[in-house]
Amino acid sequence: MKKEESEFRCIWLLLAGFGAAAVAVLVLCLSFRSQIPDTVGRVLTEAERAEVIGSNSPLTEYVYLSPNANFPREDVIRKVTIHHMAGDLLLEDLGASFAQRDRRASSNYAIDSQGRVGLYVEEANQAWTSRSPENDSQAVTIEVANDEIGGEWHVSDVAYERLIELCVDICRRNGIEKLWYTGDETGNLTLHSMFYSGTECPGPYLKSRMGEIAEEVNRRLNRE
Ligand SMILES: [Zn+2]
């Protein structure tokens, strides 16, 4: 073979290699995108909304699904993780915030200070809430609004009551027989600050009531 011919072949092989790599990347991107359900990132029709709520908590009053999630979650649900908003946001405003892809944040549910429940990541999918993919793959995560900004980061009594009801409902539907609060990540009632030392989340008020929350949820789970 002449020298020019072999160089020519080399260039063509190189080009073919690049082409194949580009196609592989494109296929990967497309398959990743197709995992995101088309119900994400837009206002749903009444029928879609009813269907989504039907496979999640019936306590849900507001739905705006976030793209910031793993579709589907990588493990089974066996935990609940409680967060606070570090603010007194409306469910709609939190939905708009979780809709921004560059925030790379979301939660399964949120509860506002009026006790309304919002759904942002369906339970079948994995929210990006606790800085621990291992925890979030097993947990349903809940953000609770604060009616005191700073200090104890208090939450309203109606939000607190709804939090108990939502935990009971999540446990019942997912076969969690009991919530254990151990103060560390060995329990199945976990907190953001267990996984990331740079946060106070969920704040002193909710933290001080975790034992009570587990006790009350378990009491209601045993009642019926
Ligand atoms: Zn948090």
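Among the residues of region 36-44, is any more than 25 Å from GLU152 (Cα to Cα), within 16 Å of the ligand (Cβ to nearest atom) and not aromatic (Phe, Trp, Tyr)? Give the steps one after another, and end with the answer.
Narrowing region 36-44 to residues more than 25 Å from GLU152 (Cα to Cα): 36-44.
Narrowing further to those that are within 16 Å of the ligand (Cβ to nearest atom): none.
Within region 36-44, not a single residue is more than 25 Å from GLU152 (Cα to Cα), within 16 Å of the ligand (Cβ to nearest atom) and not aromatic (Phe, Trp, Tyr).
Just one of LEU166, LEU206 is in a helix (DSSP H, G or I), within 14 Å of the ligand (Cβ to nearest atom), within 20 Å of LEU89 (Cα to Cα) and in contact (Cβ under 8 Å) with a residue 40 or more places away in the chain; which is it? Talk me through it step by step, then tell me what you get.
Details: LEU166 fails: within 14 Å of the ligand (Cβ to nearest atom).
The match here is LEU206.
State which residue pairs qualify: first residue of a type in the set (Lys, Arg) and inside region 105-132, second residue surrounded by fewer than 20 Cβ atoms within 10 Å (Cβ to Cβ) and in a loop (DSSP other than H, G, I, E, B) in any location, beta carbons under 7 Å apart, and separation of 6 or more residues or different chains.
As it stands, the answer is ARG131/PHE195; ARG131/TYR196, since those pairs meet every condition given.
Filter region 185-202 for residues that are within 9 Å of the ligand (Cβ to nearest atom) and either hydroxyl-bearing (Ser, Thr, Tyr) or part of a helix (DSSP H, G or I) (or both); which is farthest from VAL155 (Cα to Cα)?
Checked region 185-202; the qualifying residue farthest from VAL155 (Cα to Cα) is TYR196.
Within region 44-54, is there a residue that is touching a residue at least 60 places away in the same chain (Cβ under 8 Å) and either exposed (fewer than 15 other Cβ atoms within 10 Å of the Cβ) or not aromatic (Phe, Trp, Tyr) (or both)?
Within region 44-54, the first condition is being touching a residue at least 60 places away in the same chain (Cβ under 8 Å), and the residues that meet it are 52-53.
If we keep only those that are either exposed (fewer than 15 other Cβ atoms within 10 Å of the Cβ) or not aromatic (Phe, Trp, Tyr) (or both) too, we end up with 52-53.
There is at least one residue in region 44-54 that is touching a residue at least 60 places away in the same chain (Cβ under 8 Å) and either exposed (fewer than 15 other Cβ atoms within 10 Å of the Cβ) or not aromatic (Phe, Trp, Tyr) (or both).
Could you tell me whether any residue of region 146-156 is within 16 Å of the ligand (Cβ to nearest atom) and either of a type in the set (Phe, Trp, Tyr) or outside the structural domain of ALA214 (by TED's automatic domain parsing) (or both)?
yes
Scan region 71-79 and tell me whether some residue there is within 16 Å of the ligand (Cβ to nearest atom), at pLDDT 95 or above and surrounded by 13 or more Cβ atoms within 10 Å (Cβ to Cβ). Lay out the reasoning, then the answer.
Let us first name the residues in region 71-79 that are within 16 Å of the ligand (Cβ to nearest atom), namely 79.
Those left that are additionally at pLDDT 95 or above: 79.
Okay, now just the ones that are also surrounded by 13 or more Cβ atoms within 10 Å (Cβ to Cβ), so 79.
Yes: one or more hits.
Per-residue answers, yes or no, for (1) over 20 Å from MET194 (Cβ atoms); (2) of a type in the set (Asp, Glu):
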{"site": "VAL63", "(1), (2)": "yes, no"}
{"site": "SER66", "(1), (2)": "yes, no"}
{"site": "PRO72", "(1), (2)": "yes, no"}
{"site": "ASP75", "(1), (2)": "no, yes"}
{"site": "VAL80", "(1), (2)": "no, no"}
{"site": "GLU92", "(1), (2)": "yes, yes"}
{"site": "GLY95", "(1), (2)": "yes, no"}
{"site": "GLY118", "(1), (2)": "yes, no"}
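The values are calculated or read from the model by the stated rules, or taken from the named source; none is laboratory data. What you see is a predicted model; the values in this text were computed from it and never measured. Neighbour counts run over all protein chains shown; Cβ positions are idealised from the backbone, glycine included.
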